[in-house]
Structure formats: C-alpha cells, structure tokens
Amino acid sequence: MWADWYGFKMESYDAIKENIPLVYNAGACAIVHSDDPNYIQRLNQEAAKALADGVRAGIPNLSEAVAWEWLSRNPAKALGILSRTGTLTPGKMADVVLWNGDPFSDYTRPQRVWIDGALMYDANDPKRRPISDFELGQPGEGDSK
C-alpha cells in the first residue's frame, strides 16, 4: 500500500492516508509499497508518514516497531519467505542498514550497508561509497595535481 499517494493512477483515486495503519489494526498483513524507482528508496519515510497518519487518527497500538514490520517482516510473510528472511534472527538472510539517526526521519542517511554479510557501503570510506557529482574532477589521494 502507498502511504499518502492518491490520484496519480486509477487504483489510487480513492486513497485513504490512514490505510496502512487501518489494515494493520484490522489484523491484516500491512505492507508499505511503492512502484516508483525514487520512492522505493525511501520506504522508511513512507512508513513514517503512514505511522503519523495512523497516530493522528487515533488508531491504537501503533509504534515505530510496528511500522518497521510494514517494511520487513510483513513483505516476507506475504511472499511466503518469513522463515528465511524479514527479521534479524540468527540463521536468516538479511541485508542491514545502519542509519546515522532515526530511520523514520527525512534527515537521516545510511551510515553503513551490509549485503549478504559483506560491508558494501560506508559513508565515511570513499572506497565504499559512490562518488558524488560534486566530487567528480577533484583530486583525491594519490592523484597528481
């Protein structure tokens, strides 16, 4: 489900901003979703919006832990692979992000990312992060000036 998108295509015309928390409250498997290549990278922020909408609507028992399940546990459950992934449990497969702040904040950025157990991104290690357009053409370590 989308957090707060509506009117951009037929199935979203009658969107309800509190839909994800309402589905959770009804006992169903609520999942934050996007099919947009940009928003898929920010599902944590989409979950935060849905959580905030649910809290404002007075839906009981909402928490950041519940919202995180909308991103991790519930998608794995819906796909029938919860026994293998979806939670940080010994023996399960997991890609892990270490955030530099609250993962539900717009201002938080990934600090480190592990994929299949290997450190693939480190914000403080230039060898483990993409080069920004602002850094292109700038001399780095070992480059001649």
| query | Taking only pairs six or more apart or across chains, which ones have beta-carbon atoms under 9 Å, a first residue in the range 51-68 that is in contact (Cβ under 8 Å) with a residue 12 or more places away in the chain, and a second residue that is of a type in the set (S, T, N, Q) and assigned to a loop (DSSP other than H, G, I, E, B)? | reply | 51/63
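Within the range 2-10, identify whether any single residue is touching a Lys or Arg at 6+ places or on another chain (Cβ under 6 Å) and at pLDDT below 95, and answer yes or no. Before you say what the answer is, go through the steps one by one.
Narrowing the range 2-10 to residues touching a Lys or Arg at 6+ places or on another chain (Cβ under 6 Å): 3-4.
Adding the requirement that they be at pLDDT below 95 leaves 3-4.
Yes, some residue in the range 2-10 is touching a Lys or Arg at 6+ places or on another chain (Cβ under 6 Å) and at pLDDT below 95.
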| task | Please work out which residue is nearest to residue 47 (Cα to Cα), limiting yourself to the range 1-20 and to residues that are loosely packed, with under 15 Cβ neighbours inside 10 Å and among the small types (Gly, Ala, Ser). | result | 12
| request: Pick out the one residue from 62, 71, 79 that is within 18 Å of residue 23 (Cβ to Cβ) and in contact with a Gly (Cβ under 8 Å, 6 or more places away or on another chain). | output: 62
| Within the range 21-32, can you find the residues that are surrounded by 16 or more Cβ atoms within 10 Å (Cβ to Cβ) and of a type outside the set (S, T, N, Q)? | 21, 22, 23, 24, 30, 31, 32
| note | Counting only residues in the range 118-145 that are out of contact with any strand residue (DSSP E or B) (no Cβ under 7 Å at 6 or more places or on another chain) and surrounded by 10 or more Cβ atoms within 10 Å (Cβ to Cβ), the one modelled with the highest pLDDT is identified as 125
| Does any residue of the range 33-45 turn out to be without any contact (Cβ under 8 Å) to a residue 40 or more places away in the chain and either assigned by TED's automatic domain parsing to the domain that holds residue 118 or small (Gly, Ala, Ser) (or both)? | yes
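To keep it simple, each residue is scored yes or no on (1) in a helix (DSSP H, G or I); (2) under 20 Å from the mean Cα position of the chain (by Cα).
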residue	(1), (2)
5	no, yes
8	no, no
11	yes, no
15	no, no
20	yes, yes
23	yes, yes
31	no, yes
35	no, yes
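Rundown of residues vs (1) over 22 Å from residue 4 (Cβ atoms); (2) at pLDDT below 95, yes/no style:
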position	(1), (2)
69	no, no
82	yes, no
88	yes, yes
91	yes, yes
94	yes, yes
108	no, yes
111	yes, no
116	yes, yes
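Residues checked against (1) within 26 Å of residue 100 (Cβ to Cβ); (2) among the polar types (S, T, N, Q):
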site	(1), (2)
17	no, no
49	yes, no
65	yes, no
74	yes, yes
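The values are calculated or read from the model by the stated rules, or taken from the named source; none is laboratory data. This one's a predicted model, so the numbers in the text were calculated from it and none came from an experiment. Glycine gets a Cβ as well: all are built from the backbone with ideal geometry, and neighbour counts include every protein chain shown.
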